[in-house]
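The values are calculated or read from the model by the stated rules, or taken from the named source; none is laboratory data. These numbers were taken from a predicted model, which means no experiment stands behind them. Here Cβ is always computed from backbone atoms with ideal geometry, including for glycine, and neighbour counts include all displayed protein chains. These accessible areas exclude ligands, DNA and RNA; they are computed on the full protein's heavy atoms, side chains included. Shrake-Rupley method; radii C 1.70, N 1.55, O 1.52, S 1.80 Å.
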Amino acid sequence: MKHWYDTLFENYGQKYDNEVFTQGTLGECDFIEKEAGYNKEIKILDIGCGTGRHAIELTRRGYNVTGVDLSESQLVRARQKAREQNLDIKFLLHDARLLTFHREFELAIMICEGAFPLMETDEMNFQILQSAAKALKDNGKFIFTTLNGLFPLFHSVKEFLNQAQEMKNMEPTGLPVGA
């Protein structure tokens, strides 16, 4: 029997990189680089790396990145993209709650809800945070994003998605495409 995440992500690898929420990769990596002090000597762990968009971009910039994800199909796509760009990146199948790394990385990233808070319980999400902390060297840094659980209580998710699509269809001038 497949786990829910296997079913959810099994055919998503090709489509994922075209989602509106993935379009900020360059800016996100600019931020990560700044937070890393532009130190290319550090080792970075990309938790919940998905199709590898951050791991690939940071590797292109000269960083040593290891990507981990729970979805084999997402990792297949990440490896394919890295090969197409002649990049050598370790993409490993791991449950973020049970990472086997111990004080190996100066920086861990978990961007765009790569793992946290996708688990079914707060305890499972807490295990992810503990596992990430264990993977970091002393004084390591952990950068992650998370969803705002209160957002749907105060905003219409449908309205938010419609506004995001409208923004995607607009030119940089603010005028709709074709106007």
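Can you give me the ranges of the helices (runs of 4 or more DSSP H) entirely in the stretch 70-179 with at least 3 residues that are open to solvent by 100 Å² or more (accessible area, probe 1.4 Å) and at pLDDT below 70? It would help to see each step written out before you state the result.
Numbers: elements: 72-84, 122-135, 151-154, 157-168.
Passing ranges, in order: 157-168.
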Open item on the list: When you scan the stretch 34-52, do you find a residue that is closer than 15 Å to LEU136 by Cβ, in contact with an Asp or Glu (Cβ under 7 Å, 6 or more places away or on another chain), touching a residue at least 12 places away in the same chain (Cβ under 8 Å) and surrounded by fewer than 20 Cβ atoms within 10 Å (Cβ to Cβ), even just one?
Closed with: yes
